[in-house]
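Reviewing the structure listed below.
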């Protein structure tokens, strides 16, 4: 079944991997990227961008109108946030991080839900919890709680560990991460992208909140590459 995706953060490292994976999926009818500024796009006519001021008070309402315009076309429409600061987060104040990760992402998610989108995928990080004393981990946890509170029928939260293939991840960190088993180890960026697509095409997915760690994302990525594995 054909589907459409409304995504924010598609210009980032992981977001770009998700957009590439969507462009390679024949059943994806359209990818609409919400960007703060225009970027050069590929020649694929299914990928387009809409420029919105994410800091404006009317941002959620503009996302709602955009979501409604996609939903009325008849295909299932899924929302996705791949917003993430990466290693640059150390240079940001807590207020700046919250404004982006909670304010912008929360506003986008609320706009999606108000516009008729019932399934949403959220990029977070391994170990995220609002109770952490570590600032970045705590803010990721608060972001998760914010989006959960919006009330999507299904919310998939992606929690990668060390992301390999990412310009923000030093090579030594990705190498060391391969020595760490479990959710805090290394995962390839393209595996995350394909795992997002696998979530979108899973029409039998149950309602509720699901958390996807490195292992789950790899499994979905492999199954997406080889449907015989499902």
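Taking segment 12-23 as the range and being over 11 Å from the mean Cα position of the chain (by Cα) and either without any contact (Cβ under 8 Å) to a residue 40 or more places away in the chain or surrounded by 24 or more Cβ atoms within 10 Å (Cβ to Cβ) (or both) as the test, the residues that pass are 22, 23.
For segment 72-104, the tally of residues that are closer than 20 Å to residue 196 by Cα and either in contact with a helix residue (DSSP H, G or I) (Cβ under 6 Å, 6 or more places away or on another chain) or at pLDDT 90 or above (or both) stands at 10.
Residue by residue, here is whether (1) surrounded by fewer than 17 Cβ atoms within 10 Å (Cβ to Cβ); (2) in contact (Cβ under 8 Å) with a residue 12 or more places away in the chain; (3) under 22 Å from residue 31 (Cα atoms) holds:
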{"residue": "68", "(1), (2), (3)": "yes, yes, yes"}
{"residue": "80", "(1), (2), (3)": "no, yes, yes"}
{"residue": "96", "(1), (2), (3)": "yes, no, no"}
{"residue": "104", "(1), (2), (3)": "no, yes, yes"}
{"residue": "128", "(1), (2), (3)": "no, yes, no"}
{"residue": "145", "(1), (2), (3)": "yes, yes, no"}
{"residue": "162", "(1), (2), (3)": "no, yes, no"}
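Which ones in segment 36-54 are farther than 18 Å from residue 77 by Cα and either crowded, with 22+ Cβ neighbours inside 10 Å or out of contact with any helix residue (DSSP H, G or I) (no Cβ under 6 Å at 6 or more places or on another chain) (or both)?
Filtering segment 36-54 down to residues farther than 18 Å from residue 77 by Cα leaves 36-44, 51-54.
Residues satisfying the conditions are 36, 37, 38, 39, 40, 41, 42, 43, 51, 53.
The lone criterion from (1) outside any helix (DSSP H, G or I); (2) closer than 27 Å to residue 163 by Cα left unmet by residue 55 is number (2).
Kindly indicate whether residue 32 is part of a strand (DSSP E or B), in contact with a helix residue (DSSP H, G or I) (Cβ under 7 Å, 6 or more places away or on another chain) and crowded, with 18+ Cβ neighbours inside 10 Å.
Values: part of a strand (DSSP E or B): yes; in contact with a helix residue (DSSP H, G or I) (Cβ under 7 Å, 6 or more places away or on another chain): yes; crowded, with 18+ Cβ neighbours inside 10 Å: yes.
Criteria met by residue 32.
Name the one entry in 224, 168 that is within 22 Å of residue 77 (Cβ to Cβ), at pLDDT below 90 and touching a helix residue (DSSP H, G or I) at 6+ places or on another chain (Cβ under 6 Å).
Only one candidate qualifies: 224.
For segment 107-133, the set of residues classified as outside any loop (DSSP other than H, G, I, E, B) and closer than 25 Å to residue 189 by Cβ consists of 108, 109, 112, 119, 120, 121, 122, 123, listed by residue number.
Condition check ((1) free of Cβ contacts under 8 Å to residues at least 60 places away in the same chain; (2) within 19 Å of residue 24 (Cα to Cα); (3) under 13 Å from the mean Cα position of the chain (by Cα); (4) part of a loop (DSSP other than H, G, I, E, B)) across all residues:
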residue	(1), (2), (3), (4)
187	yes, no, no, no
194	no, yes, yes, no
197	no, yes, yes, no
200	no, yes, yes, no
206	yes, no, no, yes
211	yes, no, yes, no
219	yes, yes, no, no
222	yes, yes, no, no
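The values are calculated or read from the model by the stated rules, or taken from the named source; none is laboratory data. Bear in mind the structure is a predicted one, so any value in this text is a computation, not a measurement. A quick note on method: Cβ atoms are made from the backbone with ideal geometry, for glycine too, and the neighbour counts reach across all protein chains shown.
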